[in-house]
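Enquirer: Here it is, the structure, as structure tokens.
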Amino acid sequence: MYGVSQAEAAAAPADPNALDRETMVIAGVVLLGAIMSILDTTIVNVAIDRLSIDFHASLTTIQWVVTGYTLALAAVIPATGWASDRFGDKRIYLISLALFMLGSALCAVAWSADALIAFRVLQGIGGGMIMPAVMTIMTKKAGPHRMGRVMGILGVPMLIAPILGPILGGWLVDNASWRWIFLINIPIGVVAIITAWIKLEPDVSDKAHRLDWLGMALLSPGLTLAIFGLAESSNGGFGQFKSWAPILVGAVLIIGFFWHSWRKGDGALIDIRTFTHTRAGASAGVFTLFAIAFFGALLLIPLYYQTVRGASALEAGLLLAPQGIGAMITMPLAGKLTDKYGPNPWPACGIPLLVIGLAPFAFVTATTSYWLLCSFGFILGLGMGFSMMPTMTAAMQAVPAAAIARTSTAMNIIRQGGASIGTAILSVILTAEITATFGSAAHGGGIGAIRELSPAQQLAAKGPLAEAFASTFVWALVLLGLAFIPALFMALGKWETAEEAGGPDGAHVVLE
């Protein structure tokens, strides 16, 4: 019938580019770990005040619960690519899950602020290895022709966690105990380890692959010091010694790593030449500016809702939900379009949507309509889905198979570093705007000083405070606008794939 027999139809090969059941099962298995680790970076934020009260500790001390976790992430991420190549992706993924679960369990029974901070560092060591391992596993499983849709799946926890974190964290803190924000990881982690042990393919490791000790000694401390200095700048600006000194030393170490990597080449912890000779460099440029602007804005938006509009952490999280809905719509679509037409044009389509979605926040007042902000937040989410994962896919497709683990590591370093830079820059700008608006009443205190005002003073301050937020959002828009430049370069270039280019240099560009 119709010229094809039933036997021939049954024997016809399935679409090689379709996501088969086995690939989807593997994606579901590793997503458990990815969601657990990334959600934990935001879920703790809403419990800071409660932890300060329960442990009778200052907010400056308790803030190390967040900072310690972030620094542990920064320290361990650079070694993940080497560890995956040396010991195998499955083994590293299982070890990272176990460390994360152990840290979570210890955090849940912490008896003091110091103990909680120490256990968060252990948790961060495990958490820092999870996402690079997940990306490496799925990139190798899917292959270059299905990478767009797979990256669309992996992008869900990256973009949804900052939205769901405050909602879940606020509910747990208000209705149960802060200890449950850590205990909730245990059952999820148990399921993740069991399913990974059963479903992930046996490891193929390269025992001859040596660790670049000099590169590790330069990059890990460099990232840790730089992120530490950026975190300190949020509380007092870049002018204080405890901020600029670590940033300066960290920057020198990172520059030293770039020089070392350029000379060493393929044996380096991360081969910088891969990014200078391929489309991965343009992708890294887009992703860096995107991470700085977007993750910085993600700090400002809920902070505006809470400080200016008086929303609770739970309410602020719910007001962010339209962003998540928008991202969930465009992310699978962007994945399909990436696999069909390539990843190059989509960041240049997504970034304008990000600018449009964020634009109303540059004009916010103390009474701006929630409907207006949520509607444009939905557009912001559409842009998120079209920007983030095609950019990461472009980098991963541009390199040969042997460089996938280290490229995954590099993109996760950019994500973490960009988020830290964006948070620090916009926090400092916001503090400066508040100080300029309120003068000595907010000197050196920023948002914290505003919270110490009387209820009547806080009510009178809402209008000027909203103006300070609006001015800060303008800078986030500028950074997003800058990200459009390398995105346009990606879209206009005619790129070869890693297979077409051949050799370690991967994909090259020819501008037409």
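Enquirer: Residue check: is VAL191 at pLDDT below 90 and under 26 Å from PHE119 (Cβ atoms)?
Expert: It is false that VAL191 is at pLDDT below 90 and under 26 Å from PHE119 (Cβ atoms).
Enquirer: With the requirement that a residue be more than 20 Å from ALA226 (Cβ to Cβ) and within 24 Å of the chain's Cα centre (by Cα), what does the stretch 247-279 give you?
Expert: ASP271, ARG273, THR274, THR276, THR278, ARG279
Enquirer: Tell me whether the stretch 377-400 contains one or more residues that are in a helix (DSSP H, G or I), surrounded by fewer than 20 Cβ atoms within 10 Å (Cβ to Cβ), over 22 Å from the mean Cα position of the chain (by Cα) and among the aromatic types (Phe, Trp, Tyr).
Expert: No, the stretch 377-400 contains no residue that is in a helix (DSSP H, G or I), surrounded by fewer than 20 Cβ atoms within 10 Å (Cβ to Cβ), over 22 Å from the mean Cα position of the chain (by Cα) and among the aromatic types (Phe, Trp, Tyr).
Enquirer: Check whether at least one residue in the stretch 49-62 is under 15 Å from the mean Cα position of the chain (by Cα) and either surrounded by fewer than 20 Cβ atoms within 10 Å (Cβ to Cβ) or under 20 Å from GLY124 (Cα atoms) (or both), and report yes or no.
Expert: no
Every residue, every condition in (1) among the polar types (S, T, N, Q); (2) surrounded by 21 or more Cβ atoms within 10 Å (Cβ to Cβ); (3) out of contact with any Leu (no Cβ under 8 Å at 6 or more places or on another chain), yes or no:
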{"position": "PRO302", "(1), (2), (3)": "no, yes, no"}
{"position": "THR330", "(1), (2), (3)": "yes, yes, no"}
{"position": "LYS336", "(1), (2), (3)": "no, no, yes"}
{"position": "GLY357", "(1), (2), (3)": "no, yes, no"}
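Enquirer: Out of ALA98, ALA115, ALA105, I need the residue that is surrounded by fewer than 24 Cβ atoms within 10 Å (Cβ to Cβ), modelled with pLDDT of 85 or more and more than 19 Å from ILE188 (Cβ to Cβ). Which one?
Expert: On inspection, the qualifying residue turns out to be ALA115.
Enquirer: All but one of (1) buried (at least 23 other Cβ atoms within 10 Å of the Cβ); (2) modelled with pLDDT under 80; (3) under 30 Å from VAL474 (Cα atoms) hold for LEU269; which doesn't?
Expert: (3)
Enquirer: Could you tell me which of the residues ALA366, ALA394 is over 16 Å from VAL150 (Cβ atoms), in contact with a Lys or Arg (Cβ under 6 Å, 6 or more places away or on another chain) and in contact (Cβ under 8 Å) with a residue 24 or more places away in the chain?
Expert: Sole residue among the options that is over 16 Å from VAL150 (Cβ atoms), in contact with a Lys or Arg (Cβ under 6 Å, 6 or more places away or on another chain) and in contact (Cβ under 8 Å) with a residue 24 or more places away in the chain: ALA366.
Enquirer: Within the stretch 123-137, is there a residue that is farther than 17 Å from PHE287 by Cα, surrounded by fewer than 24 Cβ atoms within 10 Å (Cβ to Cβ) and modelled with pLDDT under 80?
Expert: no
Enquirer: Test of understanding: among ALA192, ALA176, which residue is out of contact with any Ser or Thr (no Cβ under 7 Å at 6 or more places or on another chain) and either crowded, with 19+ Cβ neighbours inside 10 Å or touching a residue at least 40 places away in the same chain (Cβ under 8 Å) (or both)?
Expert: Selected residue: ALA192, the only one of ALA192, ALA176 that is out of contact with any Ser or Thr (no Cβ under 7 Å at 6 or more places or on another chain) and either crowded, with 19+ Cβ neighbours inside 10 Å or touching a residue at least 40 places away in the same chain (Cβ under 8 Å) (or both).
Enquirer: Identify, from the list PHE275, PHE241, PHE287, the residue that is in the same structural domain as PHE386 (by TED's automatic domain parsing) and under 24 Å from SER427 (Cα atoms).
Expert: PHE287
For every residue, the table says whether it meets (1) surrounded by fewer than 19 Cβ atoms within 10 Å (Cβ to Cβ); (2) more than 24 Å from ALA470 (Cα to Cα); (3) modelled with pLDDT of 85 or more; (4) not small (Gly, Ala, Ser).
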{"residue": "ALA284", "(1), (2), (3), (4)": "no, yes, no, no"}
{"residue": "LEU298", "(1), (2), (3), (4)": "no, no, no, yes"}
{"residue": "ALA316", "(1), (2), (3), (4)": "no, no, no, no"}
{"residue": "LEU354", "(1), (2), (3), (4)": "no, no, yes, yes"}
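The values are calculated or read from the model by the stated rules, or taken from the named source; none is laboratory data. This one's a predicted model, so the numbers in the text were calculated from it and none came from an experiment. Positions of Cβ are backbone-derived with ideal geometry, glycine not excepted, and every protein chain shown enters the neighbour counts.
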